[in-house]
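Trainee: Got a structure for you, questions after.
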Amino acid sequence: MDLDKAHTLLTSKTPQFNTSSNFNQAYRQKLIENLSLDSQGRPFKIMVFRGSPKSSRKSIRFVDELRQEVAAIFEKDCKQTPYRCIPKGEKRVLDAPRLRNDYYSNIMSWGMNNILAVALGPELYLWNSEDQAVHKLLQVRGGNDWPTSVTWSEDARTLAVGYMCSNLQLWDVESSKLIRSLQGHSGRIASTAWNGHILTSGSRDKSIINHDVRAANSLASCIKRHADEVCGLKWSTEGNRLASGGNENLLYIWEASKMSSSKFLHRLSDHCAAVKALAWCPYQNNVLASGGGLSDGCIKIWNTEKGICINNIETKAQICGLEWNRHHKEILSGHGYSIRENQNKLCLWRYPSMTKVGELGNHKSRIINLCQSPDGITVISAGADETLRFWDVFGPPTAGAGNSMVSDLQGLLSFRTSLLR
């Protein structure tokens, strides 16, 4: 009955329960009256419904107020809880000689078999993250051609490799043999993406081609909507939508069921530079993140159902890659050139507020690509300084002061450098 006392007991962090009664005589008389008489002063009858809208509404209001105050205190406590420790340095550094300084290329992919495929100049290497074994899969002869895009299939049995001179190949990695070559493009293939048995490729010839790798005639559909090179492709997790970014600053959203008609779902023109970095949100299927080039430097979050931008963050640096954290609501951006800040950095953003959690980076030149490990813990950044750097930035939450010491130790150990080949 004493709402002030109830409020104190509910909201006090160290409640003190006093069993002794210190109430005065006036309060005792009021209590007896409320227990024995109704609101009209008549004797109280048990099990009789007394619909009193005003008193009922007043009681509900008090309860709602208490709930709101308790919720506010809980939210405050959550905000005061220390966030997990972000590593200060790399877990590992691999030397990557002849890695090309090309913003438009996508030369790295980490498959479900835990093998990293990376193109270094005219050669393509496979690095096994379990035993650190390195295997050279292929080497292009001649100086005018080299791999410009590398993508594992979803089952990690096949590796798709796009080339500078418009070739597109499928490789069986276990046997180290070329399975087949796919035709249709007349320019550099800098972006590829798998959707089941469909391999989608984007080219400097401004076209997007869907290849059905099961069929003898693999060309399923060809789309020509972009006015410049297609430098970014990404299928949604459910496989029902494709995002394509172009060098003419446009972002298209396509529905898988309507791609043969070349009819797009949305044409988005908010970016002011090439749209290479694309990433679908793992916990909101209709949400897409896109990043613009040097003249833009913005991360945009899109509702692809409605075709609207729901958030926009100016990073003031070229965005070369985006990776969502599958364990926490965060997104990581990899940056290249900048005239102000975040140059050659990795920036971690909390979603959906898009507030910066922290930044990492020891690259001496711009970041070219990002990719994520199958378990969603580690992110690799490929830099124009010819290094691959491994960051355990998406790890599970940590607690306690000892984690800071571990993080500092990792920073010291990050100077270890290994050869990729």
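The values are calculated or read from the model by the stated rules, or taken from the named source; none is laboratory data. Since the structure is predicted, the reported quantities are computational estimates derived from the model, not experimental observations. Glycine gets a Cβ as well: all are built from the backbone with ideal geometry, and neighbour counts include every protein chain shown. These area figures cover heavy atoms from the full protein model, side chains too; ligands, DNA and RNA do not enter into them. Shrake-Rupley method; radii C 1.70, N 1.55, O 1.52, S 1.80 Å.
Trainee: Any residue at all in the stretch 323-330 that is open to solvent by less than 20 Å² (accessible area, probe 1.4 Å), among the acidic types (Asp, Glu) and at pLDDT 95 or above? Break it down stepwise before answering.
Mentor: Of the residues in the stretch 323-330, the ones open to solvent by less than 20 Å² (accessible area, probe 1.4 Å) are 324-325, 330.
This time we only want the ones that are among the acidic types (Asp, Glu), so: 330.
Now narrow it down to the ones that are at pLDDT 95 or above: 330.
Yes, the conditions are met somewhere in the stretch 323-330.
Trainee: So, in the stretch 299-317, how many residues would count as being more than 16 Å from LEU250 (Cα to Cα) and assigned to a loop (DSSP other than H, G, I, E, B)?
Mentor: Looking only at that region, the number is 5.
Trainee: Moving on to the next point. Could you say which residue among ILE367, ILE339, ILE313, ILE377 is crowded, with 23+ Cβ neighbours inside 10 Å, β-branched (Val, Ile, Thr) and touching a residue at least 12 places away in the same chain (Cβ under 8 Å)? Steps first, answer last, please.
Mentor: Working: ILE339 fails: crowded, with 23+ Cβ neighbours inside 10 Å; ILE313 fails: crowded, with 23+ Cβ neighbours inside 10 Å; ILE377 fails: crowded, with 23+ Cβ neighbours inside 10 Å.
Just one listed residue meets the conditions, ILE367.
Trainee: Residue by residue through the stretch 241-271, note down the ones that are within 22 Å of ASN311 (Cβ to Cβ) and part of a loop (DSSP other than H, G, I, E, B).
Mentor: ASN249, LEU250, LEU265, SER269, ASP270, HIS271 - these are the residues of the stretch 241-271 that are within 22 Å of ASN311 (Cβ to Cβ) and part of a loop (DSSP other than H, G, I, E, B).
Trainee: Taking LEU388, is it at pLDDT 95 or above, under 28 Å from ALA133 (Cβ atoms) and aliphatic (A, V, I, L, M)? Walk me through how you get there before you give the answer.
Mentor: Details: at pLDDT 95 or above: yes; under 28 Å from ALA133 (Cβ atoms): yes; aliphatic (A, V, I, L, M): yes.
So LEU388 passes the test.
Trainee: Of everything in the stretch 201-240, what is open to solvent by 60 Å² or more (accessible area, probe 1.4 Å), assigned to a strand (DSSP E or B) and either touching a helix residue (DSSP H, G or I) at 6+ places or on another chain (Cβ under 6 Å) or more than 16 Å from SER261 (Cβ to Cβ) (or both)? Give them in sequence order.
Mentor: Answer for the stretch 201-240, where residues must be open to solvent by 60 Å² or more (accessible area, probe 1.4 Å), assigned to a strand (DSSP E or B) and either touching a helix residue (DSSP H, G or I) at 6+ places or on another chain (Cβ under 6 Å) or more than 16 Å from SER261 (Cβ to Cβ) (or both): just LYS234.
Trainee: Which residue is most open to solvent (accessible area, probe 1.4 Å), if the candidates are limited to the stretch 172-195 and must be among the hydroxyl-bearing types (Ser, Thr, Tyr), without any contact (Cβ under 8 Å) to a residue 24 or more places away in the chain and not in a strand (DSSP E or B)?
Mentor: First, pick out the residues of the stretch 172-195 that are among the hydroxyl-bearing types (Ser, Thr, Tyr): 175-176, 181, 186, 191-192.
Narrowing further to those that are without any contact (Cβ under 8 Å) to a residue 24 or more places away in the chain: 175, 181, 186.
Checking the rest, the ones that are also not in a strand (DSSP E or B) come to 175, 186.
Values: SER175: 54, SER186: 99 Å².
The residue in question is SER186.
Trainee: Out of all the residues in the stretch 147-170, is one or more in contact (Cβ under 8 Å) with a residue 60 or more places away in the chain, open to solvent by less than 30 Å² (accessible area, probe 1.4 Å), part of a loop (DSSP other than H, G, I, E, B) and in contact with a strand residue (DSSP E or B) (Cβ under 9 Å, 6 or more places away or on another chain)? Steps first, answer last, please.
Mentor: Keep residues of the stretch 147-170 that are in contact (Cβ under 8 Å) with a residue 60 or more places away in the chain, which gives none.
Scanning the stretch 147-170, I find no residue that is in contact (Cβ under 8 Å) with a residue 60 or more places away in the chain, open to solvent by less than 30 Å² (accessible area, probe 1.4 Å), part of a loop (DSSP other than H, G, I, E, B) and in contact with a strand residue (DSSP E or B) (Cβ under 9 Å, 6 or more places away or on another chain), so the answer is no.
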